[in-house]
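The numbers here are math on the coordinates, done by the rules we state, and not lab data. Note that the structure is predicted; figures quoted are calculated from it, not measured. Neighbour counts run over all protein chains shown; Cβ positions are idealised from the backbone, glycine included.
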Amino acid sequence: MSSYKLEAGTAQHIGNRPQQNDRVALMTGARAPGYVLAVLSDGIAGAAASEQVLHTAKQVFDLFKPGDGPAVERLEQLLRDIVQETHLVIKMNAVSHQLDAHASFVGLLLSPHGEAVWAHVGDSRLYHFQNGACLARTGDAAYIEHLVSSDRLPPDAAKNHRKSKLLLNVLGNGRKDPYVTVGHHTDLAAGDVFLLASDGLWHFFTDAELGAATSRATPRQAAEMLINKAGERAQGKGGNCTMAIVKLVQPPQEVGNYTVQKLRRAV
């Protein structure tokens, strides 16, 4: 029996924008019992690309057969496959439908063997908290290092380089393949919390604030509180605000029905 159970939820708010371009979903795999996939995408120039992210993620995940406890590297490859296939479809749509759309990507895959694997592209983020403390957070550091090695830029120049802005590290960019950053954590336990967030949410909070909010409340309560606070801090200039919260909690204790047991013995 697992030492934890999952509490999860998603939430969105349009913010002060004319339309909602973010998309988010929690999925189970058709051939992967016990696996859970959370995906969040921020669409750029509309929601077509972010819609495609969720559609392709579901297709790829439904074809996934885990076998007897796959290695973390295989789970990372599954997320990379989702990114690459979505990227290709968005580029093809740009040619056939003259639709120039881009999207960010952040995905989290949880296995029934106590493993968490994540991947991200662009300015959406994933946070891993344990009892409120931030253990990991995706960001642009790896992408800047990539610019230094691929573009041969000095580190200081890379940070100020126009390509260090993650809007160009997106799915659907016809000039450059997306740079995927991956991470993982094993030995999951009650107290672990994962937050997937678009920039319309994480921009307004510190790591400590996000950790406290998600650890002390249910996903629904935390999402409502964070959306309300983000709206206050945006002061009428907030963007689309979207999140997924996956929380590992202690399973309920089973209580024996002693009355029934006594009755059975009496009979």
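Globularity index of region 5-249 is 0.97 (Cα radius of gyration / 2.2 N^0.38 Å, N = number of residues). A cut-off of 5 Å between modelled amide H atoms, ignoring neighbours fewer than 5 places along the same chain, links Gly29 with Tyr35.
Would you tally the net charge around Ala8, using a Cβ to Cβ cut-off of less than 11 Å, leaving Ala8 out, and scoring K and R as +1, D and E as -1?
On the way: positive: Lys5, Arg220, Lys247; negative: Glu7.
Local charge sum for Ala8: +2.
Cross-linked pairs Lys91/Lys247; Lys5/Lys91; Lys5/Lys58; Lys176/Lys247; Lys91/Lys229; Lys5/Lys237: Cα-Cα separations exceed 32 Å for Lys91/Lys247; Lys5/Lys91; Lys176/Lys247; Lys91/Lys229; Lys5/Lys237. For region 1-147, the Kirkwood estimate of the hydrodynamic radius, built from every pair of different alpha carbons, is 16.4 Å.
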